[in-house]
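Asker: Supplied in structure tokens, the structure appears directly below.
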Amino acid sequence: QVQLVESGGGLVQAGGSLRLSCAASGRTFSVYTMGWFRQTPGKEREFVAAIRWSGGSTYYTDSVKGRFTISRDNTKNTVYLQMNSLKPEDTAVYYCAATPTYSGSYFRAISYRDWGQGTQVTVSS
């Protein structure tokens, strides 16, 4: 069991920045991959970024490449999502997720076992 708590969401103007944090507790030693997903009303949860806990390989959806950066602090059991050059279309509830199992399908929500409660990100135009 891994507990995840997101923080750092808020309201920003287009072009601004936010840094989301996801603090993990519990059986953190079992985490293999952590990811960020986002969801807006009427749409399915979509992949944003993922990181392999050991090794640190990162992956991004095309729409955020060059703007978002996912990173982790192993000693703090925390993953971050630095979001720069934010656009109104980035507005969503952002969720942190973790899985103990390797999967090449890190971009699919079904691949993750544990989820945080979500944090709202709103970008004004």
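Values quoted throughout were computed directly from the atomic coordinates according to the rules given, and no laboratory measurement underlies them. For clarity, every value in this text was computed on a predicted model and none was experimentally measured. Quick reminder, even Gly has a Cβ in these numbers, built from the backbone with ideal geometry, and neighbours come from all protein chains shown.
Asker: Quick one: dipole size for the chain, taken about the Cα centre, charges +1 on Lys/Arg Cβ and -1 on Asp/Glu Cβ, in debye to the nearest 20.
Answerer: The dipole magnitude comes to about 180 debye.
Asker: Still on this structure, I have one more. So who's got an amide H within less than 5 Å of the one on S85, skipping anything under 5 residues away but keeping other chains? H placed 1.01 Å off N, in plane.
Answerer: Sorted by chain and number, the residues that satisfy this come to none at all.
Asker: May I ask you to list the chymotrypsin sites (Phe, Trp or Tyr not before Pro) in the stretch 42-122 that are in a DSSP loop and have at most 11 other Cβ atoms within 10 Å of their Cβ?
Answerer: On the way: sites: F47, W53, Y59, Y60, F68, Y80, Y94, Y95, Y102, Y106, F107, Y112, W115; in loops: W53, Y102, Y106, F107, Y112.
Listed in order of number, the matching sites are Y102.
Asker: Identify the trypsin sites (Lys or Arg not before Pro) of the stretch 1-62 meeting these criteria: DSSP loop state and at most 10 other C-beta atoms within 10 Å of the C-beta.
Answerer: Values: sites: R19, R27, R38, K43, R45, R52; in loops: R27, K43, R45.
Filter output for the stretch 1-62: K43.
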